[in-house]
Ligand SMILES: [Mg+2]
């Protein structure tokens, strides 16, 4: 998945620091969504859907980096990303079909 595993290896963050980084990016995404959708008290920040897309990408990258750091090697990372995405999306689809 791009070079997420290699970038994660080259970045000295601990797993805890990376998980906190994900929480930070989730906060930035929340801020962008609140502003872009004109939520009371947040609209003045003038975010757009482009900002929402950027923050969603940041959060997705950091989440994948957590997955990479929790994997023993690049092969396991690739295998697990494919397996987990397929399983989780299938579960989501099942729920929608209920
Ligand atoms: Mg960000």
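The values are calculated or read from the model by the stated rules, or taken from the named source; none is laboratory data. Predicted model only: the values in this text are computed from it and were never measured. Glycine also receives a Cβ, built like all others from the backbone with ideal geometry; neighbour counts cover every protein chain displayed.
Data for the structure
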{"quantity": "Count of segment 14-36 residues which are out of contact with any helix residue (DSSP H, G or I) (no Cβ under 7 Å at 6 or more places or on another chain) and more than 13 Å from the ligand (Cβ to nearest atom)", "calculated": "5"}
{"quantity": "Meets criteria (surrounded by 13 or more Cβ atoms within 10 Å (Cβ to Cβ) and at pLDDT 95 or above) for residue 42", "calculated": "no"}
{"quantity": "Selection from segment 37-56 of residues that are in a helix (DSSP H, G or I), in contact with a helix residue (DSSP H, G or I) (Cβ under 7 Å, 6 or more places away or on another chain) and more than 12 Å from the ligand (Cβ to nearest atom)", "calculated": "43, 45, 49"}
{"quantity": "Qualifying positions in segment 69-89 - more than 24 Å from residue 29 (Cα to Cα) and loosely packed, with under 12 Cβ neighbours inside 10 Å", "calculated": "72, 73, 75, 82, 83, 86, 87"}
{"quantity": "Count of residues meeting criterion [loosely packed, with under 13 Cβ neighbours inside 10 Å and more than 21 Å from residue 65 (Cα to Cα)] in segment 1-38", "calculated": "2"}
{"quantity": "Residue check for residue 81: touching a helix residue (DSSP H, G or I) at 6+ places or on another chain (Cβ under 8 Å), within 16 Å of the ligand (Cβ to nearest atom) and at pLDDT 95 or above", "calculated": "no"}
{"quantity": "Some residue of segment 61-68 being assigned to a helix (DSSP H, G or I) and loosely packed, with under 14 Cβ neighbours inside 10 Å", "calculated": "no"}
{"quantity": "Residue check, residue 72 away from the ligand (no atom under 16 Å from the Cβ) and either in a helix (DSSP H, G or I) or under 19 Å from residue 32 (Cβ atoms) (or both)", "calculated": "no"}
